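Encoded as structure tokens, the structure appears first; notes follow it.
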Amino acid sequence: MEETNKSLLDDSFTSAMTLTNSGVPQVPDRYVLPPSQRPALGSSLGTTETTLPVIDLSLLNQPLLRSRAIHEISMACKEFGFFQVRNHGIPSSVVKDAFDAATQFFDLPVEEKMLLVSANVHEPVRYGTSLNHSTDRVHYWRDFIKHYSHPLSKWINMWPSNPPCYKDKVGKYAEATHVLHKQLIEAISESLGLEKNYLQEEIEGGSQVMAVNCYPACPEPEIALGMPPHSDFSSLTILLQSSQGLQIMDCNKNWVCVPYIEGALIVQLGDQVEVMSNGIYKSVIHRVTVNKDVKRLSFASLHSLPLHKKISPAPKLVNANNTPAYGEFSFNDFLDYISSNDFIQERFIDTIKKSSS
Ligand code: OGA
Ligand code: NI
């Protein structure tokens, strides 16, 4: 059992790893979802067999094929706000090293991880469990370490010092995702008919939050979730998963399981792109299911404009027929919102929609 030195710990904090390692036969009551929010695992009820888009990103670098890739991206963004990418340029060794460092981090004794615990969502480096252990009404079967990651040199010294390889291995993956996200934002801007470099400056100085998530094996995956339905505040999120578990909501409000594809990465549109595109693209609502036998790790890299930079609908996408459907917002506005509201009850993006839309 992980929890060896109780005196060091805040009694209200118990990680999902601690529960799994102690062999609990059932989830504690705080994890039990109301029946309408349970994931209906193993039944076809509420989930559908839909083929989700997978795009070969190497086409973007081939002058004759780039427009085909842009078209595929546009279709995927319109229909799902989601796609997977192959040939994305991040070497498999970098991915493997990142998983390795994350595994070692979550396997550390709980006292070591508690050095970084915080319930303050404005904290640039934060270990935690569920969404926010101090305020969640229902708890989620997830532990996480989140850290600001761009520019790397500004933040990396605050990252975990244990395991000793963490900074180097996760740092390499964070840098590689930043490069990839620039290519993706260019392609997404192009797919909307905007200049390829529409957001270039903001992206160079933009923020990146890397959420490293650990979903340990859960004794009752039918009545709990790893993360509740939500959309990300980011422009886009690049997600790396070690096994299946993510579900996205399609336009008919059905949950669709995202297949695990070896070597692929997942791209999810966030609220900033929904606002920038004036609603032509929507951020994808997603949730995480848990598994009875398998521990799942994921890296969600949330890329956004700088902390205080407001995003608003692109002027080129607004006209007499398409008036701005959203007010502006910054990453910091989102953090303020989630520190004082229950964002499961009302999505942040719904609070900035103009009522005429
Ligand atoms: C997130 C998220 C999904 C996953 O961290 O915002 O949605 O599969 N993660 O871990
Ligand atoms: Ni998310």
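Any read-out appearing in this document is the output of simple, stated calculations on the displayed coordinates, not a laboratory observation. Predicted model, so just to flag it, every value in this text is computed and none were measured. As a convention, Cβ positions derive from the backbone with ideal geometry for all residues, glycine included, and neighbour counts pool all protein chains shown.
Across every pair of non-identical alpha carbons in the stretch 144-261, the mean reciprocal distance, once inverted, gives a Kirkwood radius of 16.8 Å.
The ranking of 215, 166 from fewest to most other beta carbons within 10 Å of each one's beta carbon is 166, 215. Counting only lysines at least 8 places from residue 253 when in the same chain, those with an alpha carbon closer than 24 Å to its own are 78, 282, 353, 354. With R₀ set to 30 Å, the beta-carbon distance separating residue 157 from residue 339 gives a calculated FRET efficiency near 0.75. For the chain, a Gaussian network of Cα nodes joined below 10 Å ranks 289, 103, 177 by mean-square fluctuation, and the top entry is 103. For the stretch 58-190, the relative contact order comes to 24 percent (Cα pairs under 8 Å, sequence separation of at least 6). Binning the C-alpha pair distances of the stretch 300-350 at 5 Å intervals from 0 yields a P(r) profile of 4, 17, 21, 22, 19, 10, 6, 1 %, listed from the shortest bin outward. Taking the longest Cα principal axis of the chain as reference, the axis of helix 92-106 is set at about 40 degrees. The Rg/Rh ratio of the chain, with Rg taken over Cα atoms and Rh as the Kirkwood radius over Cα pairs, comes to 0.95. A cut-off under 13 angstrom between Cβ atoms defines the neighbours of residue 210, and their net charge, with Lys, Arg +1 and Asp, Glu -1, is +3.
Farthest toward the positive end of the dipole of the stretch 46-352, out of 176, 238, 320, is the Cα of 176, where the dipole comes from beta carbon charges about the Cα centre.
How about residue 295: which lysines have a C-alpha closer than 24 Å to its C-alpha, ignoring those fewer than 8 places off in the same chain? Correct list for residue 295: 96, 113, 146, 167, 169, 172.
With helices as the sole contributors, the chain gives -7500 deg cm²/dmol at 222 nm; each DSSP H run of n ≥ 4 counts as -39500 (n - 2.57), and the sum is divided by every residue. For chymotrypsin sites (Phe, Trp or Tyr not before Pro), the sites in the stretch 239-281 that DSSP calls loop and that have at most 15 other Cβ atoms within 10 Å are 260. So what does log10 I(q)/I(0) come out to for the stretch 241-339 at q = 0.11, 0.20, 0.22 Å⁻¹, using the Debye formula with one equal point on every Cα and no solvent? Result of the Debye calculation: -0.45, -1.10, -1.17. For residue 309, the aspartates and glutamates whose Cα falls under 15 Å of its own Cα, not counting residues fewer than eight places away in the same chain, are 201, 202, 204, 271, 328, 333, 336.
Maximal additional length on extending the residue 204-residue 168 stretch stands at 10.8 nm, based on 0.36 nm per residue less the C-alpha distance. Taking the fewest neighbouring Cβ atoms within 10 Å as the starting point, the ordered list for 316, 172, 353 is 316, 353, 172.
Mind checking the angle between helix 66-79 and the chain's longest principal axis? C-alpha axes, 0 to 90 degrees, to the nearest 10. That helix lies at roughly 60 degrees to the long axis. Of the trypsin sites (Lys or Arg not before Pro) in the stretch 115-152, the ones in a loop by DSSP (not H, G, I, E or B) with at most 12 other beta carbons within 10 Å are 137. Would you work out the charge dipole size for the chain about its Cα centre, treating the Cβ of every Lys and Arg as +1 and the Cβ of every Asp and Glu as -1, and quote it to the nearest 20 debye? Dipole size: approximately 540 debye.
When only Cα pairs below 8 angstrom with a gap of at least 6 residues are kept, the stretch 46-352 shows a relative contact order of 21 percent.
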